[in-house]
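Input: a single structure, listed below in C-alpha coordinates.
The values are calculated or read from the model by the stated rules, or taken from the named source; none is laboratory data. Quick caveat: nothing in here was measured; it's all calculated off a predicted structure. We place every Cβ from the backbone using ideal geometry, glycine too, and count neighbours over all the protein chains shown. With ligands, DNA and RNA removed, areas are computed over all heavy atoms of the protein, side chains included. Shrake-Rupley method; radii C 1.70, N 1.55, O 1.52, S 1.80 Å.
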Amino acid sequence: MAKNRMSPISKGMTFKQGRELVIRIKKLEGRSKMTLDGYNKIFNDFERCFGVRKHINNVTVDDARNFIHWQLHEKTQFLKSRFRKDKKIGVSIPSANSYLRSAKAAFEVFVKDEIIESNPFRPLNKIKTQQRPVETLTPNEIKEILKVLDKTWYADFRDYVVIHVMLDSFGRVNEICNLKKTDVDYERGAITFQETKNSKFRIVPVSNKMLRLFEQLNDETKEFDSPYIFCSNRGDMLHPDTFRKHFREVVAKTNLAKRVHPHIFRHTASTLFLAEGGSIRALQKILGHSEITTTMIYSHMMDSTIKEQHERFSPLKAIEMSEQIKTRTKIGKLK
(Lines give C-alpha, C1' and ligand atoms only; values in the text may rest on other atoms or scores of the structure.)
Protein backbone atom coordinates (compact mmCIF):
# COMPACT_ATOMS: atom_id res chain seq x y z
CA MET A 1 0.00 0.00 0.00
CA ALA A 2 1.48 3.36 -1.03
CA LYS A 3 2.15 5.98 1.63
CA ASN A 4 0.55 9.40 1.20
CA ARG A 5 2.70 11.07 3.85
CA MET A 6 5.09 13.66 2.44
CA SER A 7 8.79 13.06 2.88
CA PRO A 8 10.85 15.50 5.00
CA ILE A 9 12.59 16.75 1.84
CA SER A 10 9.42 17.69 0.00
CA LYS A 11 7.80 19.03 3.14
CA GLY A 12 10.76 21.15 4.23
CA MET A 13 12.42 21.01 7.63
CA THR A 14 12.51 24.10 9.85
CA PHE A 15 15.53 25.00 11.96
CA LYS A 16 13.49 24.19 15.07
CA GLN A 17 12.89 20.66 13.78
CA GLY A 18 16.51 20.44 12.67
CA ARG A 19 17.75 21.43 16.11
CA GLU A 20 15.61 18.74 17.76
CA LEU A 21 16.89 16.10 15.34
CA VAL A 22 20.57 17.00 15.73
CA ILE A 23 20.41 17.24 19.53
CA ARG A 24 18.59 13.90 19.74
CA ILE A 25 21.17 12.17 17.52
CA LYS A 26 24.15 13.74 19.30
CA LYS A 27 22.72 12.66 22.66
CA LEU A 28 22.43 9.09 21.35
CA GLU A 29 26.07 9.34 20.26
CA GLY A 30 26.96 10.20 23.86
CA ARG A 31 28.19 13.72 23.16
CA SER A 32 29.09 15.89 26.15
CA LYS A 33 26.91 18.68 27.52
CA MET A 34 29.49 21.16 26.23
CA THR A 35 29.14 19.76 22.70
CA LEU A 36 25.33 19.85 22.89
CA ASP A 37 25.49 23.47 24.07
CA GLY A 38 27.61 24.21 21.00
CA TYR A 39 24.94 22.78 18.70
CA ASN A 40 22.23 24.81 20.46
CA LYS A 41 24.33 27.94 19.91
CA ILE A 42 24.78 27.27 16.20
CA PHE A 43 21.03 26.77 15.73
CA ASN A 44 20.34 29.99 17.64
CA ASP A 45 22.60 31.71 15.12
CA PHE A 46 20.95 29.98 12.15
CA GLU A 47 17.60 31.42 13.25
CA ARG A 48 19.09 34.86 13.90
CA CYS A 49 20.82 34.98 10.51
CA PHE A 50 18.30 33.22 8.25
CA GLY A 51 15.06 33.79 10.14
CA VAL A 52 12.74 31.17 11.57
CA ARG A 53 10.80 30.69 8.31
CA LYS A 54 13.82 29.55 6.31
CA HIS A 55 13.85 25.80 5.60
CA ILE A 56 16.97 23.69 5.95
CA ASN A 57 16.26 22.19 2.51
CA ASN A 58 16.63 25.64 0.93
CA VAL A 59 20.02 26.55 2.41
CA THR A 60 22.51 26.97 -0.43
CA VAL A 61 26.30 27.24 -0.54
CA ASP A 62 25.85 30.99 -1.02
CA ASP A 63 23.67 31.07 2.12
CA ALA A 64 26.43 29.23 3.97
CA ARG A 65 28.99 31.83 2.87
CA ASN A 66 26.62 34.63 3.95
CA PHE A 67 26.28 32.96 7.35
CA ILE A 68 30.05 33.05 7.92
CA HIS A 69 30.17 36.65 6.65
CA TRP A 70 27.39 37.49 9.14
CA GLN A 71 29.41 35.88 11.93
CA LEU A 72 32.49 37.94 11.08
CA HIS A 73 30.93 41.33 10.32
CA GLU A 74 27.30 41.62 11.45
CA LYS A 75 26.59 39.39 14.43
CA THR A 76 25.98 41.28 17.68
CA GLN A 77 27.72 39.47 20.51
CA PHE A 78 26.17 39.05 23.98
CA LEU A 79 22.81 40.08 22.55
CA LYS A 80 20.75 38.82 25.50
CA SER A 81 23.23 39.65 28.24
CA ARG A 82 21.94 42.32 30.61
CA PHE A 83 25.38 42.76 32.12
CA ARG A 84 27.46 43.40 29.00
CA LYS A 85 27.46 47.00 27.81
CA ASP A 86 30.26 46.47 25.28
CA LYS A 87 28.27 44.43 22.76
CA LYS A 88 30.75 43.92 19.94
CA ILE A 89 29.83 43.43 16.30
CA GLY A 90 31.37 40.39 14.65
CA VAL A 91 33.34 37.47 16.07
CA SER A 92 37.03 36.66 15.74
CA ILE A 93 38.34 34.44 12.94
CA PRO A 94 39.03 31.50 15.31
CA SER A 95 35.44 31.79 16.58
CA ALA A 96 34.07 31.94 13.03
CA ASN A 97 36.06 28.79 12.19
CA SER A 98 34.58 27.10 15.24
CA TYR A 99 31.05 28.00 14.09
CA LEU A 100 31.91 26.71 10.62
CA ARG A 101 32.93 23.32 12.06
CA SER A 102 29.69 23.10 14.04
CA ALA A 103 27.59 24.09 11.01
CA LYS A 104 29.29 21.46 8.85
CA ALA A 105 28.70 18.78 11.49
CA ALA A 106 25.03 19.76 11.97
CA PHE A 107 24.25 19.70 8.24
CA GLU A 108 26.10 16.40 7.86
CA VAL A 109 23.37 14.91 10.06
CA PHE A 110 20.74 16.10 7.57
CA VAL A 111 22.69 14.52 4.69
CA LYS A 112 22.94 11.16 6.48
CA ASP A 113 19.23 11.27 7.32
CA GLU A 114 18.46 12.12 3.67
CA ILE A 115 16.83 15.43 4.60
CA ILE A 116 19.12 17.13 2.07
CA GLU A 117 21.24 15.77 -0.73
CA SER A 118 24.45 17.68 -0.04
CA ASN A 119 25.98 19.74 2.77
CA PRO A 120 26.06 23.45 1.74
CA PHE A 121 28.81 24.15 4.30
CA ARG A 122 31.11 21.39 3.03
CA PRO A 123 32.72 23.47 0.20
CA LEU A 124 33.68 26.24 2.66
CA ASN A 125 37.31 26.17 3.77
CA LYS A 126 38.67 27.21 7.13
CA ILE A 127 39.47 30.93 7.20
CA LYS A 128 43.22 31.43 7.16
CA THR A 129 44.76 33.86 9.59
CA GLN A 130 48.28 34.78 10.53
CA GLN A 131 49.18 32.95 13.70
CA ARG A 132 50.05 35.30 16.51
CA PRO A 133 51.67 34.57 19.85
CA VAL A 134 49.01 33.85 22.46
CA GLU A 135 48.67 36.43 25.20
CA THR A 136 49.60 35.40 28.72
CA LEU A 137 49.88 36.81 32.24
CA THR A 138 53.06 37.32 34.22
CA PRO A 139 53.32 35.91 37.76
CA ASN A 140 53.03 39.47 39.13
CA GLU A 141 49.84 40.09 37.13
CA ILE A 142 48.35 36.87 38.50
CA LYS A 143 49.24 37.96 42.04
CA GLU A 144 47.54 41.30 41.41
CA ILE A 145 44.30 39.55 40.45
CA LEU A 146 44.43 37.21 43.45
CA LYS A 147 45.16 40.15 45.76
CA VAL A 148 41.84 41.90 45.04
CA LEU A 149 39.82 38.82 46.01
CA ASP A 150 38.36 39.03 49.51
CA LYS A 151 38.54 35.40 50.63
CA THR A 152 36.25 36.07 53.59
CA TRP A 153 33.38 36.22 51.05
CA TYR A 154 32.25 32.90 49.59
CA ALA A 155 32.08 34.03 45.93
CA ASP A 156 35.59 35.53 46.09
CA PHE A 157 37.08 32.47 47.80
CA ARG A 158 35.35 30.18 45.29
CA ASP A 159 36.79 32.17 42.36
CA TYR A 160 40.19 32.17 44.10
CA VAL A 161 40.04 28.37 43.99
CA VAL A 162 38.82 28.33 40.36
CA ILE A 163 41.81 30.45 39.30
CA HIS A 164 44.16 28.06 41.07
CA VAL A 165 42.56 25.08 39.32
CA MET A 166 42.90 26.81 35.93
CA LEU A 167 46.62 27.33 36.57
CA ASP A 168 47.33 23.96 38.20
CA SER A 169 45.31 21.73 35.86
CA PHE A 170 45.45 23.80 32.62
CA GLY A 171 41.68 23.19 32.44
CA ARG A 172 39.03 25.15 30.57
CA VAL A 173 36.51 27.04 32.67
CA ASN A 174 33.63 24.86 31.38
CA GLU A 175 35.51 21.72 32.38
CA ILE A 176 36.30 23.12 35.81
CA CYS A 177 32.75 24.28 36.58
CA ASN A 178 31.52 20.74 35.80
CA LEU A 179 33.93 19.14 38.29
CA LYS A 180 32.24 16.94 40.89
CA LYS A 181 33.61 16.05 44.31
CA THR A 182 33.99 12.47 43.13
CA ASP A 183 36.30 13.68 40.33
CA VAL A 184 39.08 14.45 42.84
CA ASP A 185 41.46 11.62 43.71
CA TYR A 186 43.19 12.74 46.89
CA GLU A 187 45.42 9.65 47.09
CA ARG A 188 46.83 9.95 43.59
CA GLY A 189 46.77 13.76 43.59
CA ALA A 190 44.73 14.04 40.39
CA ILE A 191 41.41 15.23 39.02
CA THR A 192 39.28 13.85 36.21
CA PHE A 193 37.62 16.18 33.74
CA GLN A 194 34.44 14.42 32.60
CA GLU A 195 32.82 17.20 30.55
CA THR A 196 35.49 18.00 27.98
CA LYS A 197 35.57 19.67 24.59
CA ASN A 198 36.22 16.40 22.72
CA SER A 199 33.91 14.32 24.98
CA LYS A 200 36.87 12.22 26.22
CA PHE A 201 37.56 12.21 29.95
CA ARG A 202 40.99 13.51 30.94
CA ILE A 203 42.96 12.82 34.13
CA VAL A 204 45.48 15.48 35.14
CA PRO A 205 47.73 15.76 38.21
CA VAL A 206 47.27 18.57 40.73
CA SER A 207 49.44 19.86 43.56
CA ASN A 208 49.01 19.27 47.29
CA LYS A 209 48.10 22.94 47.68
CA MET A 210 45.26 22.42 45.20
CA LEU A 211 43.97 19.42 47.14
CA ARG A 212 43.93 21.48 50.35
CA LEU A 213 41.96 24.23 48.60
CA PHE A 214 39.42 21.65 47.42
CA GLU A 215 38.97 20.47 50.99
CA GLN A 216 38.51 24.02 52.28
CA LEU A 217 35.94 24.82 49.59
CA ASN A 218 34.06 21.56 50.21
CA ASP A 219 33.83 22.54 53.85
CA GLU A 220 32.39 25.93 52.82
CA THR A 221 29.71 24.31 50.62
CA LYS A 222 28.62 21.49 52.94
CA GLU A 223 25.22 23.08 53.55
CA PHE A 224 24.48 23.06 49.81
CA ASP A 225 24.71 19.25 49.70
CA SER A 226 25.74 19.52 46.04
CA PRO A 227 27.74 16.93 44.07
CA TYR A 228 29.61 19.80 42.39
CA ILE A 229 32.75 21.41 43.79
CA PHE A 230 31.95 24.89 42.54
CA CYS A 231 28.50 26.18 43.44
CA SER A 232 26.63 29.42 42.94
CA ASN A 233 25.38 31.38 45.94
CA ARG A 234 22.13 29.39 45.62
CA GLY A 235 23.89 26.04 45.80
CA ASP A 236 23.50 24.84 42.20
CA MET A 237 26.42 24.22 39.83
CA LEU A 238 28.45 27.34 39.08
CA HIS A 239 27.69 28.23 35.45
CA PRO A 240 30.74 29.30 33.39
CA ASP A 241 28.99 32.55 32.36
CA THR A 242 28.31 33.36 36.04
CA PHE A 243 32.00 32.90 36.77
CA ARG A 244 32.98 35.05 33.77
CA LYS A 245 30.69 37.87 34.91
CA HIS A 246 32.10 37.90 38.44
CA PHE A 247 35.64 37.52 37.10
CA ARG A 248 35.22 40.65 34.93
CA GLU A 249 34.22 42.55 38.07
CA VAL A 250 37.34 41.25 39.83
CA VAL A 251 39.67 42.24 36.97
CA ALA A 252 38.06 45.71 36.86
CA LYS A 253 39.43 46.30 40.36
CA THR A 254 43.02 45.80 39.19
CA ASN A 255 45.29 48.11 37.24
CA LEU A 256 45.86 45.61 34.43
CA ALA A 257 45.63 47.16 30.96
CA LYS A 258 45.51 43.94 28.93
CA ARG A 259 42.33 41.97 28.24
CA VAL A 260 42.06 39.28 30.90
CA HIS A 261 39.66 36.36 30.43
CA PRO A 262 39.49 32.84 31.93
CA HIS A 263 41.16 31.13 28.95
CA ILE A 264 44.27 33.27 29.39
CA PHE A 265 45.12 31.14 32.45
CA ARG A 266 45.29 28.02 30.24
CA HIS A 267 47.70 29.87 27.95
CA THR A 268 49.68 31.15 30.93
CA ALA A 269 49.95 27.73 32.57
CA SER A 270 51.16 26.20 29.28
CA THR A 271 53.74 28.95 28.85
CA LEU A 272 55.14 28.60 32.36
CA PHE A 273 55.20 24.81 32.03
CA LEU A 274 57.42 25.00 28.95
CA ALA A 275 59.55 27.81 30.39
CA GLU A 276 60.33 25.61 33.39
CA GLY A 277 61.52 22.81 31.13
CA GLY A 278 58.33 20.78 30.61
CA SER A 279 58.11 18.80 27.38
CA ILE A 280 55.71 19.64 24.57
CA ARG A 281 54.51 16.00 24.52
CA ALA A 282 53.65 16.07 28.22
CA LEU A 283 51.85 19.38 27.69
CA GLN A 284 49.82 17.83 24.86
CA LYS A 285 48.57 15.11 27.23
CA ILE A 286 47.73 17.58 30.00
CA LEU A 287 45.83 19.89 27.65
CA GLY A 288 43.98 16.98 26.04
CA HIS A 289 45.00 17.85 22.48
CA SER A 290 44.59 14.96 20.05
CA GLU A 291 47.13 16.49 17.66
CA ILE A 292 50.58 17.80 18.63
CA THR A 293 50.15 20.58 16.05
CA THR A 294 47.44 22.12 18.26
CA THR A 295 49.84 22.22 21.20
CA MET A 296 52.57 23.73 19.03
CA ILE A 297 50.89 27.16 19.27
CA TYR A 298 52.88 27.39 22.51
CA SER A 299 56.16 26.37 20.87
CA HIS A 300 57.26 29.99 20.44
CA MET A 301 57.11 30.24 24.23
CA MET A 302 60.14 27.97 24.32
CA ASP A 303 62.28 30.43 22.34
CA SER A 304 63.93 32.01 25.40
CA THR A 305 64.28 28.62 27.10
CA ILE A 306 65.82 27.09 23.96
CA LYS A 307 68.26 29.99 23.66
CA GLU A 308 69.30 29.62 27.30
CA GLN A 309 69.71 25.85 26.93
CA HIS A 310 71.62 26.33 23.67
CA GLU A 311 74.04 28.76 25.32
CA ARG A 312 74.65 26.30 28.17
CA PHE A 313 74.93 23.09 26.17
CA SER A 314 76.06 24.17 22.69
CA PRO A 315 78.33 21.56 21.04
CA LEU A 316 80.72 24.34 20.04
CA LYS A 317 80.97 25.40 23.68
CA ALA A 318 81.91 21.85 24.63
CA ILE A 319 84.60 21.81 21.94
CA GLU A 320 85.95 25.21 23.08
CA MET A 321 86.06 24.01 26.69
CA SER A 322 87.99 20.93 25.57
CA GLU A 323 90.48 23.11 23.64
CA GLN A 324 90.95 25.39 26.68
CA ILE A 325 91.71 22.40 28.91
CA LYS A 326 94.33 21.08 26.41
CA THR A 327 95.91 24.56 26.15
CA ARG A 328 96.15 24.92 29.94
CA THR A 329 97.68 21.44 30.16
CA LYS A 330 100.39 22.35 27.62
CA ILE A 331 101.17 25.60 29.43
CA GLY A 332 101.46 23.70 32.69
CA LYS A 333 104.00 21.31 31.14
CA LEU A 334 106.06 24.23 29.80
CA LYS A 335 106.35 25.68 33.27
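Here is a check on your reading of the model: is Thr271 assigned to a helix (DSSP H, G or I), open to solvent by less than 80 Å² (accessible area, probe 1.4 Å) and free of Cβ contacts under 8 Å to residues at least 24 places away in the same chain? Against the criterion (assigned to a helix (DSSP H, G or I), open to solvent by less than 80 Å² (accessible area, probe 1.4 Å) and free of Cβ contacts under 8 Å to residues at least 24 places away in the same chain), Thr271 does not qualify.
Restricting region 144-160 to residues that are of a type in the set (D, E, K, R) and under 23 Å from the mean Cα position of the chain (by Cα), the residue that is nearest to Phe214 (Cα to Cα) is Arg158.
Report yes if Asp185 is of a type in the set (D, E, K, R), under 26 Å from Ala282 (Cα atoms) and surrounded by 14 or more Cβ atoms within 10 Å (Cβ to Cβ), otherwise no. Criteria met by Asp185.
Restricting attention to region 131-140, does a residue exist that is under 30 Å from Thr221 (Cβ atoms) and either touching a Ser or Thr at 6+ places or on another chain (Cβ under 7 Å) or at pLDDT 95 or above (or both)? Taking every residue of region 131-140 in turn, at least one turns out to be under 30 Å from Thr221 (Cβ atoms) and either touching a Ser or Thr at 6+ places or on another chain (Cβ under 7 Å) or at pLDDT 95 or above (or both). Within region 204-229, residues that are within 20 Å of Phe170 (Cα to Cα) and in contact (Cβ under 8 Å) with a residue 24 or more places away in the chain have Cβ atoms under 6 Å from residues that are among the small types (Gly, Ala, Ser) and buried (at least 18 other Cβ atoms within 10 Å of the Cβ) in these pairs: Val204/Ser169; Val206/Ser169, counting only partners at least 6 apart in sequence or on another chain.
Which of the residues that make up region 49-67 are at pLDDT below 95 and of a type in the set (Lys, Arg)? Across region 49-67, the qualifying residues are Arg53, Lys54. Is there any pair linking a residue in region 69-86 that is aliphatic (A, V, I, L, M) to one that is modelled with pLDDT under 60 and surrounded by 12 or more Cβ atoms within 10 Å (Cβ to Cβ), with Cβ under 6 Å and at least six apart or on different chains, and which? Listed by first residue and then by second, the contacts come to nothing, as the list is empty. Within region 19-38, the residues that satisfy the criterion of being modelled with pLDDT under 95 and either open to solvent by less than 70 Å² (accessible area, probe 1.4 Å) or not in a helix (DSSP H, G or I) (or both) are Lys26, Glu29, Gly30, Arg31, Ser32, Met34, Thr35, Leu36, Asp37, Gly38.
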